[in-house]
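Asker: This is the structure I have questions about; it appears just below.
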Amino acid sequence: MSLPQLKIGLETHVELDTAQKLFCACSAVQTDVPNTNVCPTCQGFPGSKPVLNLKALDLAMNFADMIGASVNKCIKFSRKHYYYKDSPKSYQLTQEDCDAVCHGGEIPILDLKTKKFTGETVEFEKVFLEENPGSQLKKCIDFNRAGKPLLEIVTKPVFSSAESVVAYLQNLKFMLIKKGYTSATGNFKSDVNISLGYQRVELKNIGSVKDCELAIQAEWNRQKNNPVLRSECRSYDDVLDETIWMRHKESHEQYFLLEEPDIPAIEVVDQPVETALKYFDENNTELFAGSPLRIGCTITPRIRTSIIRNSSNYYSQLNELYKKFPELGLELLFTVSLYDSVKQILFASTKSISSKNLSQIIQEFKFHNVQDTSPEVRTQILNLLESSPSYETFTRNLRCIILGTTMQEDQSADLRVEIRRELETSLSKQYSVYRSSLSAKYKKYFIGLLKKKISRADYQTIVGIIDE
């Protein structure tokens, strides 16, 4: 149900899957014993110095690359001042708008049930890094979580319904877990900004996709009869199914944002790793280059040739591909090597490729566990496509190319592949029964089933495959 005149924007906080915290060497692995993974830095002791975890920065820039965002050339961190009992330093290390990791970018929305793109996209405002606060337990404040790296993903106010928010959050979480940015148990919370044409309300720290949907509906019902005249923060009570007033929303000036003096600005350049990270002061005097190592901090040196990959605009290209072939599912979405191979075949072909042939290419690549293809194999496939064969000839010869056989009609190889396919699909249950019993009587019955499915299959070939 679309909500009229409703504008919604999201700020999603994702806990990155790193071994260490964002600004110290403490372990970021979850533990049930309070206040064990702590040190003077993450507890804000006087004299402690933060050192940036480059793995977190690397993950953030990889995410920026994937969504096609513009990475800032100069990245800085700032102190966001506020007092709360789970913030030991009375400020949070975060990034201002102009100093964020990246701005812009978009992802297409996938229907996770039908495994097809809907044609809709979500545009991002910015993506930046910040540290997590501690957590409040019944008996104490646990600072094990304090300092863990958070990736904050801010969208533009592009949503007009709770359903579209749910679809986006499901896609985002699915993507972040599949691509290894966070774990399935990692912290994943959203702040929901809602406006019905007046001042906006920010619903804070909503921890599940379902609660986001219910909170939006509850706040929309409230704002219909109570126009918001001053920006405020509210929380969602899932028992009462209503939003609760927390405080008036602070202005930017009230946070007293100050540039963090102990973390030099980071210049992002397309250069070899030895000079990729430069730390410099306000006079542009270089302090040190490369991966910094200080007392109490262990940072793995970077192994990439440059700090930013050549942006492949992965999701934009994928969305374009699915607009052309909407019947395809998730085959290419998270298998990057397979995606690259198929993409090169698609873009190199001078003739349009039928969706049937494209589906067959993907199906054969997956069936034979093809992780990558050589230029010679791609050239042979392109030549096969250019010859415009019938579908049966195309399928047979494509299989021969992948298996490394000749381009002639290799009937025996074709037959063996067909038998194995039947064993893994329509006759999988019967095959499991045979393999578990190895009964001679059932074997005769099972061979008869296969002969009915594949009339040209001979006894010797069948026996050689089912008993291998």
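Read-outs: derived from the displayed coordinates by stated rules, not from any lab. Quick caveat, the model's predicted, so the values are computed rather than measured. As a convention, Cβ positions derive from the backbone with ideal geometry for all residues, glycine included, and neighbour counts pool all protein chains shown.
Asker: With a ≥ b ≥ c taken as the square roots of the eigenvalues of the C-alpha gyration tensor of segment 418-466, please select rounded if a/c is under 1.5 and otherwise prolate if a/b is larger than b/c or oblate if it is not? Can you show the working numbers first?
Answerer: On the way: a/c = 1.70, a/b = 1.23, b/c = 1.38.
Because a/c hits 1.5 or more and a/b fails to exceed b/c, segment 418-466 counts as oblate.
Asker: Separate question: For segment 425-468 and segment 80-101, what is the separation of their Cα centres, given in Å?
Answerer: When both Cα centres are located, 66 Å separates them.
Asker: Further question: Place a +1 charge on the Cβ of each Lys and Arg in segment 165-274 and a -1 charge on the Cβ of each Asp and Glu, then give the dipole magnitude about the Cα centre in debye, rounded to the nearest 20.
Answerer: Working: 13 positive and 18 negative charges, 135 e Å.
It works out to roughly 640 debye.
Asker: Shifting gears a bit: Report the convex hull volume per residue for segment 1-101, counting only C-alpha atoms, in Å³.
Answerer: Values: hull volume 19.2 nm³, N = 101.
Each residue corresponds to 190 Å³ of Cα convex hull volume.
Asker: Could I ask something else about it? Give me K366, K89 ranked fewest to most by other Cβ atoms within 10 Å of their Cβ, as a rough exposure proxy. Can you show the working numbers first?
Answerer: On the way: K366 13, K89 19.
Listed from fewest to most nearby Cβ atoms, that is K366, K89.
Asker: Let me ask something else about it. Taking amide hydrogens as modeled 1.01 Å from N in the peptide plane, which residues meet the under 5 Å criterion relative to S78, leaving out close sequence neighbours?
Answerer: Under 5 Å from the amide H of S78 lie the amide H atoms of T94, Q95, E96, E260, each far enough along the sequence or on another chain.
Asker: Using 7 Å Cα-to-Cβ label points, what is the Q30/A184 separation (nm, one decimal)?
Answerer: Distance between label points: 1.2 nm.
Asker: Continuing with this model, one more query. 5 Å is the cut-off here: which amide hydrogens, built 1.01 Å from N in the peptide plane, fall below it relative to Y91, excluding neighbours closer than 5 in sequence?
Answerer: Y82
Asker: Under the rule of at least 5 residues apart or a separate chain, name every residue whose amide H is placed under 5 Å from the amide H of I8.
Answerer: V158, F159
Asker: Applying the Karplus parametrisation 6.51 cos²θ - 1.76 cosθ + 1.60 with θ = phi - 60° to the phi angles of segment 180-191, what ³J(HN,Hα) value in whole Hz is obtained for each residue in order, glycine and proline being reported as x?
Answerer: So the Karplus estimates, Gly and Pro as x, are x, 6, 9, 9, 5, 9, x, 5, 9, 10, 10, 9 Hz.
Asker: In whole Hz and in residue order, list the ³J(HN,Hα) couplings for segment 215-226 that follow from phi through the Karplus curve 6.51 cos²θ - 1.76 cosθ + 1.60, θ = phi - 60°; x for Gly and Pro.
Answerer: For segment 215-226, the Karplus-derived couplings read 5, 5, 4, 5, 6, 5, 4, 5, 6, 4, 9, 9 Hz, x marking Gly and Pro.
Asker: Alpha carbon centre of segment 20-58 versus segment 124-174: separation in Å?
Answerer: When both Cα centres are located, 19 Å separates them.
Asker: Please arrange W245, W220 by counting, for each residue, the other beta carbons lying within 10 Å of its beta carbon, fewest first.
Answerer: Working: W245 10, W220 18.
Going from least to most buried by this count: W245, W220.
Asker: Quick one: of K21/K85; K85/K126; K429/K452, which pairs are farther than 23 Å apart, Cα to Cα? Please report the intermediate quantities before stating the final value.
Answerer: Values: K21/K85 20 Å; K85/K126 28 Å; K429/K452 16 Å.
From K21/K85; K85/K126; K429/K452, over 23 Å: K85/K126.
Asker: Given the pairs K138/K179; K138/K204; K210/K366, which span a C-alpha to C-alpha distance of over 26 angstrom in this model? Numbers along the way, then the final one.
Answerer: Working: K138/K179 35 Å; K138/K204 21 Å; K210/K366 34 Å.
Long pairs (Cα-Cα over 26 Å): K138/K179; K210/K366.
Asker: Once you wrap a convex hull around the alpha carbon atoms of segment 7-289, what is its projected area averaged over all directions, in nm²? Walk me through the numbers before you get to the answer.
Answerer: Working: hull surface 66.0 nm².
Computed as one quarter of the Cα hull surface, the answer is 16.5 nm².
Asker: Just want the ordering: K453, K356, from fewest to most Cβ atoms lying within 10 Å of their own Cβ.
Answerer: Values: K453 16, K356 11.
Placing the least packed residue first, the sequence is K356, K453.
Asker: Rounded to the nearest 0.05, what FRET efficiency is calculated for Q344 and Q430 with R0 set to 35 Å and r the Cβ-Cβ distance?
Answerer: Values: r = 40 Å, r/R0 = 1.14.
Efficiency computed from Cβ-Cβ geometry: 0.30.
Asker: Right, another one. Along Cα→Cβ, 7 Å out, is where each label goes; now give me the distance between the ones at K452 and S374 in nm to one decimal.
Answerer: Placing both labels 7 Å along Cα→Cβ, they lie 4.4 nm apart.
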